[in-house]
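S.K.: Please find one structure pasted underneath; my questions will follow.
Only the coordinates and a few stated rules stand behind these numbers; no lab work does. Every value quoted in this text rests on a predicted model; they were computed, and no experiment measured them. All Cβ positions, glycine included, derive from the backbone under ideal geometry; neighbour counts span all protein chains shown.
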2 protein chains.
Amino acid sequence: MARTDPLDNIRIVLCGTNHPGNIGAAARAMKTMGLTHLYLVAPVRFPDPEANWRASRATDVLARARVCASLDEALAGVSLAVACSARPRELAAPQATARGAALRAVESARTQRAALVFGNETYGLTTAEVNKCQLLALIPANPRYSSLNLAAAVQVFAYELRMAAAEAVAAPGKAPVKADFEELERFYAHLEELMVEIGFLNPRHPKKLMPRVRRLFARAQLEKEELNILRGILKAIAHPRTGRK
Amino acid sequence: MARTDPLDNIRIVLCGTNHPGNIGAAARAMKTMGLTHLYLVAPVRFPDPEANWRASRATDVLARARVCASLDEALAGVSLAVACSARPRELAAPQATARGAALRAVESARTQRAALVFGNETYGLTTAEVNKCQLLALIPANPRYSSLNLAAAVQVFAYELRMAAAEAVAAPGKAPVKADFEELERFYAHLEELMVEIGFLNPRHPKKLMPRVRRLFARAQLEKEELNILRGILKAIAHPRTGRK
């Protein structure tokens, strides 16, 4: 099925970035989450060795980055632009959390282009920039210090985009084989016998010992192999190979 | 109501960090999400001006960071340690996503201490380090490039912790007290000793026995009382009250 990967329809737009290191780190953050389209609106220093260094193995994202003169240019062809901000605005677009915005962006990106827009490190997005977007997204943060580093904010949004894109896909995974009922019962019987034998469990006053032990192992959801180990230990206690001191 | 803020019961542990800049950036990531307890296990360079610079206004987190000689020291008093890794392990603790692990950690941190443990930038966590944790957490990432910057990974986890803490405003319920790190380590040591003594574990060819056993009990998240039962059994095996036949 040749459906478009929504992540391939989403661009990250950085406006007026001061530090090339942040551009590189943002590229790395993007690539780890499967995003590749980076747009730079009037960056102060780019290209720059510092950007390449911080990009690590995401220099390909930097190499293909589009440098634009204006936000309008970077948003050309985009249907949903999300302003990513650290603080709420008085009169801006509708607001959402990063998670909610990522869901919206991915949904939109199934068929059309979407963009996440980030402001300058010091001032954030200008009101004019926010007003060019259809949605304002906020990362829930410590109200006493909500200033995420630019690349860290890109990382959180990129992560939420990937999570949103993956949500529909069920995780198959090959589950290990669990022990079955009879095996478990044999183990419990064996363990109880041992506990009585060593004087730890008094059959006339068993208290809640066995129920507690059962509860513990039930929580672990023993795998067949694990049960074999435990039963092996019980057997070896009954018939030690090296002789006990 | 003087309920503990779960975020105040969670520490971030960075093992063998190479670059002080990453330590500073991690401190900033933490503070933006309301986390303040930073533990540094054998950092290569700390304190360092680069760390302060990258911490921005989170230098208070750096100033209060605890430098430890070993992971054991950093995990003292911790009931749930989460290994944060970029790659799955063959035989490690139970695995979860960053989101699932954050929910678990916050739940646990309502009453006890939890820790998120991050490895060195180049090598990640060692197997020995992962095996000291009860849960392995992975950030879903691009399989072709899953290498998040260390501070970026801390940011994602810190963000998920904050989201989880905000989500779980519901009634806490009284969770049973979990066994802590030192108690668990004593139990494993005791069990291993017994397994050697009865000839079940050959110290020269230990195979994967102890890691498997650890994984099993890690999954069960032993309560203090349960651990007492298990240790009681081990003691009674060593000194049976009724004499063995």
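S.K.: B:Asp8 versus A:Ala238, label points 7 Å from Cα toward the beta carbon: distance in nm?
M.R.: 5.3
S.K.: Taking 22 Å as R0, compute the FRET efficiency from the Cβ-Cβ separation of B:Arg64 and B:Val44 and round it to 0.05. It would help to have the intermediate numbers written out before the result.
M.R.: Numbers: r = 20 Å, r/R0 = 0.91.
That pair, B:Arg64 with B:Val44, gives E of 0.65.
S.K.: Another question, if that's okay. With charges set only on the Cβ (+1 for Lys and Arg, -1 for Asp and Glu), what does the dipole of the protein assembly as shown come to about its Cα centre, in debye to the nearest 20?
M.R.: Numbers: 68 positive and 46 negative charges, 252 e Å.
Dipole magnitude for the protein assembly as shown comes out near 1200 debye.
S.K.: Same structure, new question: Note down the magnitude of the dipole of the stretch A:6-166 about its Cα centre, charges +1 on Lys and Arg C-beta and -1 on Asp and Glu C-beta and zero elsewhere, to the nearest 20 debye. Display every interim value, and only then the final one.
M.R.: Details: 17 positive and 11 negative charges, 63 e Å.
Result for the stretch A:6-166 is approximately 300 debye, rounded to the nearest 20.
S.K.: Take B:Asn228 and A:Ala76, extend 7 Å from each Cα along the Cα→Cβ direction, and tell me the distance between the two endpoints in nm.
M.R.: 7.3
S.K.: Cα-Cα over 28 Å: which of A:Lys31/A:Lys132; A:Lys207/B:Lys224; B:Lys31/B:Lys208; A:Lys208/B:Lys207; A:Lys207/B:Lys208? Write out the running numbers ahead of the final one.
M.R.: Working: A:Lys31/A:Lys132 26 Å; A:Lys207/B:Lys224 18 Å; B:Lys31/B:Lys208 39 Å; A:Lys208/B:Lys207 35 Å; A:Lys207/B:Lys208 35 Å.
Over 28 Å apart, Cα to Cα: B:Lys31/B:Lys208; A:Lys208/B:Lys207; A:Lys207/B:Lys208.
S.K.: Which FRET efficiency value, to the nearest 0.05, do you get for A:Val177 and B:Glu167 by plugging their Cβ-Cβ distance into 1/(1 + (r/R0)^6) with R0 = 45 Å?
M.R.: It comes out at approximately 0.85.
S.K.: So for chain A, what percent of the C-alpha to C-alpha distances run longer than 22 Å? Walk me through the numbers before you get to the answer.
M.R.: On the way: 18796 of 29890 pairs.
Here the tail beyond 22 Å accounts for 63 percent of pairs.
S.K.: Between the helical axis of B:150-167 and the dominant principal axis of chain B, each derived from Cα atoms, what acute angle in degrees is found, rounded to the nearest 10?
M.R.: So the helix axis and the longest Cα principal axis differ by about 80 degrees.
S.K.: Between A:Arg212 and B:Trp53, what FRET efficiency follows from the Cβ-Cβ distance if R0 is 56 Å, with the result rounded to 0.05? Let's see the in-between values first.
M.R.: Working: r = 53 Å, r/R0 = 0.95.
My answer for the efficiency is 0.55.
S.K.: A further question follows. If Lys and Arg each add +1 and Asp and Glu each add -1, what is the summed charge of the other residues whose beta carbon sits under 12 Å from the beta carbon of A:Ala179? Kindly include the intermediate steps, with their values, before the conclusion.
M.R.: Working: positive: A:Lys178, A:Arg186, A:Lys224, A:Arg231; negative: A:Asp180, A:Glu182, A:Glu183, A:Glu185, A:Glu223, A:Glu225, A:Glu226.
Value of the local net charge: -3.
S.K.: Still on this structure, please answer the following. For chain A, what does the relative contact order come out to in percent, with C-alpha contacts under 8 Å and a separation of six or more? Before the final figure, lay out each step's value.
M.R.: Numbers: 375 pairs, mean separation 50.5, N = 245.
Reported as a whole number, the value is 21 percent.
S.K.: Quick one: grab the alpha carbon gyration tensor of the stretch A:181-238, order the square roots of its eigenvalues as a ≥ b ≥ c, and give me rounded if a/c is under 1.5, else prolate or oblate depending on whether a/b is larger than b/c. The partial results should precede the final answer.
M.R.: Working: a/c = 2.42, a/b = 1.33, b/c = 1.81.
Oblate is the answer for the stretch A:181-238, as a/c is 1.5 or above yet b/c matches or exceeds a/b.
S.K.: A further question follows. I'd like the orientation of helix A:209-220 relative to chain A: the angle between its Cα long axis and the longest Cα principal axis, in ° from 0 to 90, rounded to 10.
M.R.: With rounding to tens, the tilt is 30 degrees.
S.K.: Something else now. Could you tell me which of rounded, prolate or oblate describes the stretch A:5-83, using a ≥ b ≥ c as the square roots of the eigenvalues of the alpha-carbon gyration tensor, with rounded for a/c under 1.5 and, failing that, prolate when a/b is larger than b/c and oblate otherwise?
M.R.: Numbers: a/c = 2.20, a/b = 1.21, b/c = 1.82.
It is oblate, given that a/c is not under 1.5 and a/b is not larger than b/c.
S.K.: Something else about it: How far is helix B:181-197 tilted, in degrees, relative to the longest principal axis of the Cα atoms in chain B, given as a value from 0 to 90 rounded to the nearest 10?
M.R.: Its long axis makes an angle of about 40 degrees.
S.K.: Something else: Subtracting the Cα-Cα distance from 0.36 nm times the residue separation, let me have the gained length for B:Arg204 to B:Glu185 in nm, one decimal. Spell out each step's value before the answer.
M.R.: Numbers: separation 19, 0.36 × 19 = 6.84 nm, distance 2.09 nm.
Fully extending the segment from B:Arg204 to B:Glu185 adds 4.8 nm.
S.K.: Next question, about the same structure. Using DSSP loop states and a limit of at most 15 other Cβ atoms within 10 Å to flag GluC sites (Glu not before Pro), what is the longest stretch of chain A containing no flagged site? Mind showing how you got there, number by number?
M.R.: Values: sites that count: A:Glu90, A:Glu167.
Longest run free of exposed loop sites: A:1-89.
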